[in-house]
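See structure below.
We did not get these values from a lab; they are worked out from the coordinates using the rules stated. Just so it is clear, the model here is predicted, and its values are computed rather than measured. In this analysis, Cβ positions are derived from the backbone assuming ideal geometry, glycine residues included, and neighbour counts consider all displayed protein chains.
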Amino acid sequence: MGKRIISQARGHGSPTYRVRRRAFRFKIKFPKNLEGEATIVKLLNSPAHSAPLAKVKYNEEYFFIPACNEMIEGQKISFMGNVVKPGSISRLKDLPIKTSIYCIESIPGDGGKFIKVAGGSAIINRAAPEGIYVVFPSKKEKRFDNNCRAVIGVIAGHGRKDKPIVKAGKKFYMKKATNKLWPRTSAIKMNVIDHPFGSGRGKNPKSKIAKRNAPPGARVGLIRPRRTGRR
């Protein structure tokens, strides 16, 4: 007897494929109005994030940001544009060219949306009347509003992928912390009762175009592609 295929099991919403809420209890975001200084209360680990997080105390409230290199507990961070110091939060228009930044706001006041992975940073490339241009790690340039804020520095945790994982058990628990689907089995290697692409002697791929009215168990592969065939 075949089991439910993965797409059915995920759609059913069993605990195996459900997000573990406790792993995502730390929200990376800073308040809308920041003035003066704040204090780094604690550096902590979050299973759902690749970088260590910094718990920041500001006016009797707390918020979390990715920790930068050389950040320590008890450190004071500033919200003034003229203080270019790692960990400080400032508006892009107040920062000099070639400054490394991360956790950049998409629109002023949203709390930071871009560059939040371990070891990541972007560089302020140029200023123009229409906004500030920032170069991302992918070498692509993006324009931001002058009043968008960002954290100065480079996110800690660079080189986390250099050390080999070695054991499958360690990989299992790493993926389980954030509910990633692992290990992932190729559908073509399954039995015919376990997946629509299964069975066949050797690799004989079946059509990957799913019909628009296909039931959940058969709705796999290319879902409603815009076009098929060669151009």
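Looking only at segment 190-209, residues that are under 13 Å from residue 5 (Cβ atoms) and within 34 Å of the chain's Cα centre (by Cα) come to 6 in all.
Residues are listed down the side, and each one gets a yes or a no for (1) of a type in the set (A, V, I, L, M, F, W, C); (2) touching a residue at least 40 places away in the same chain (Cβ under 8 Å); (3) not in a loop (DSSP other than H, G, I, E, B):
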position: 4; (1), (2), (3): no, yes, no
position: 23; (1), (2), (3): yes, yes, yes
position: 33; (1), (2), (3): no, no, no
position: 40; (1), (2), (3): yes, yes, yes
position: 47; (1), (2), (3): no, yes, no
position: 65; (1), (2), (3): yes, yes, yes
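Do we have any residue at all in segment 138-150 that's in a helix (DSSP H, G or I), over 17 Å from residue 26 (Cβ atoms) and not hydroxyl-bearing (Ser, Thr, Tyr)? Taking every residue of segment 138-150 in turn, none turns out to be in a helix (DSSP H, G or I), over 17 Å from residue 26 (Cβ atoms) and not hydroxyl-bearing (Ser, Thr, Tyr). Take the conditions (1) over 24 Å from the mean Cα position of the chain (by Cα); (2) over 30 Å from residue 21 (Cβ atoms); (3) surrounded by 14 or more Cβ atoms within 10 Å (Cβ to Cβ); residue 58 misses just one of them, which is (2).
Annotation note: of 224, 219, the sole residue that is among the charged types (D, E, K, R), under 16 Å from residue 7 (Cβ atoms) and either touching a Ser or Thr at 6+ places or on another chain (Cβ under 6 Å) or touching a residue at least 40 places away in the same chain (Cβ under 8 Å) (or both) is 219. Residue pairs whose Cβ atoms lie under 6 Å apart, sitting 6 or more positions apart in sequence or on different chains, and linking a residue in segment 68-82 that is closer than 14 Å to residue 99 by Cα and in contact (Cβ under 8 Å) with a residue 60 or more places away in the chain to a partner that is surrounded by 15 or more Cβ atoms within 10 Å (Cβ to Cβ) and among the aromatic types (Phe, Trp, Tyr), do not occur here. Please work out which one of (1) under 14 Å from residue 31 (Cα atoms); (2) surrounded by 21 or more Cβ atoms within 10 Å (Cβ to Cβ); (3) under 19 Å from the mean Cα position of the chain (by Cα); (4) not aliphatic (A, V, I, L, M) is the condition residue 110 fails and give its number. Failed condition: (2).
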